[in-house]
Each structure stands twice: as C-alpha cells, then as structure tokens.
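I have placed the structure first, in the form of structure tokens, so that the comments after it can refer back to it.
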Amino acid sequence: MKKHVSAIVYGGLDGIITTFAVVAGSVGGNVSNIVIIILGFSNLLADGFSMGAGAYLSATSDNNQSKSKALAAGIATFISFNVFGLIPLGAYLITNALIHDKDIAFPIAFVIVGVSLALLGWVKANLSEQKVRTEILRTLSVGYVAAIVAYGVGISLNYYL
C-alpha cells in the first residue's frame, strides 16, 4: 500500500474535490436534484477513469517503471478517486433525500465532506509518515477552497444568466 501513497492521495483528493465541486456548483446554481445526480455520477466515473488513465500514462513515461507498476498506479488512482469521490455525492444525495431541503442538506454534506477530507489527510499522514495535523489541515484547506469557489461560480452564473 505504501508504494501507492501518491496515487491514493492524488486520486482520493481529486475525487472528493471534483465531485463535491459538481455538487456545490449545482446547488449554488439552483440546479435540480436529477441534474446533480447525473452530473455527479458522470463526473465520478468519467473523471475517475481519466485520472486513472493519466496516472498510468504518466507512470509509463518514467523509464524506471514497469508496465505492471504503471498499471497498478492507474488502478489505485481510479479506485481511490471513486471511493473518496462517492462520499461527497452520497452525503449530499442521502441528506437531501432525508431532509428534502437543499438549504439544509448542502451544509450537512459540507460537514461530511470535511470529515472525508480529514480522513484522507489522516491516511496521507500515516502512509507517508508526515504530521497528521498538518496533512489534515492542508487537505481540508484545498478541498474547502475548491468547494467554495464552485459554489460561488454556481451562484454567480445563476444570478447573471
């Protein structure tokens, strides 16, 4: 597992951020739930594949990597992207299904995403033997800044269009 730390962190972080960015931008833009579901799952699978393929192709450009190591890096990235990326999408969909109110479901999902970002920071710290607090704060910062930007873009475009 330690040999795939960067692929797991890279895929997981991008999975959380891009999937929640889709949710945040859609909620900010007042998009219907069915569109959020379609965009969310489309992003999850297509972007996850793209990330995995990119990790594989990137690893094959390194002459010191064997084909099987490059493939393993691609698979680790894809799996991590989808596992971690499912958390924000699932958090929003479940809370919205239970509460039936985007204005309440989104902040709850925002907190759950924070927990998943912190979890990923913790995983990164433990696998890479870094400081846990530092890695959790870094991961939370990057993820929340991206979510806030996406939400702001959704609100702005909804307002001006």
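Below are the figures for this structure:
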| quantity | calculated |
| --- | --- |
| Hydrodynamic radius (Kirkwood) for the stretch 1-159, which is based on Cα pairs only, to one decimal in Å | 16.0 Å |
| Residue 100/residue 137 FRET efficiency (R0 30 Å; Cβ-Cβ; nearest 0.05) | 0.30 |
| Nitroxide proxy distance, nm - points 7 Å out along Cα→Cβ at residue 149 and residue 30 | 2.6 nm |
| Degrees between helix 5-28 axis and first principal axis of the chain (Cα, 0 to 90, nearest 10) | 10 degrees |
| MRE, 222 nm, helices only [DSSP H, n ≥ 4, -39500 (n - 2.57), over the chain, to nearest 500] | -31500 deg cm²/dmol |
| Euclidean distance of C-alpha centroids, the stretch 1-20 and the stretch 49-63, integer Å | 14 Å |
| Kirkwood estimate for the stretch 70-161, i.e. one over the average of 1/r between Cα atoms, Å | 14.7 Å |
| The stretch 75-80 - phi-based ³J(HN,Hα) in whole Hz, Karplus 6.51/-1.76/1.60, Gly and Pro as x | 5, 4, 5, 4, 5, 4 |
| Efficiency of FRET from Cβ geometry, residue 37 and residue 6, R₀ 45 Å, rounded to 0.05 | 0.90 |
| From phi via Karplus (6.51, -1.76, 1.60), per-residue ³J(HN,Hα) for the stretch 139-154 in Hz, x at Gly/Pro | 5, 4, 4, 4, x, 6, 4, 4, 5, 5, 4, 4, 4, x, 5, x |
| Extension gain (nm, one decimal) between residue 111 and residue 50, 0.36 nm per residue minus Cα-Cα | 19.2 nm |
| Mean separation of Cα contacts under 8 Å (6+ apart) over length of the chain, as relative contact order % | 36 percent |
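Every number here is computed from the coordinates shown, using simple stated rules; none is lab data. Here the structure is a predicted model, which is why all the values come from computation and not from measurement. So basically every Cβ, Gly included, is an ideal-geometry build from the backbone, and we count neighbours across all protein chains shown.
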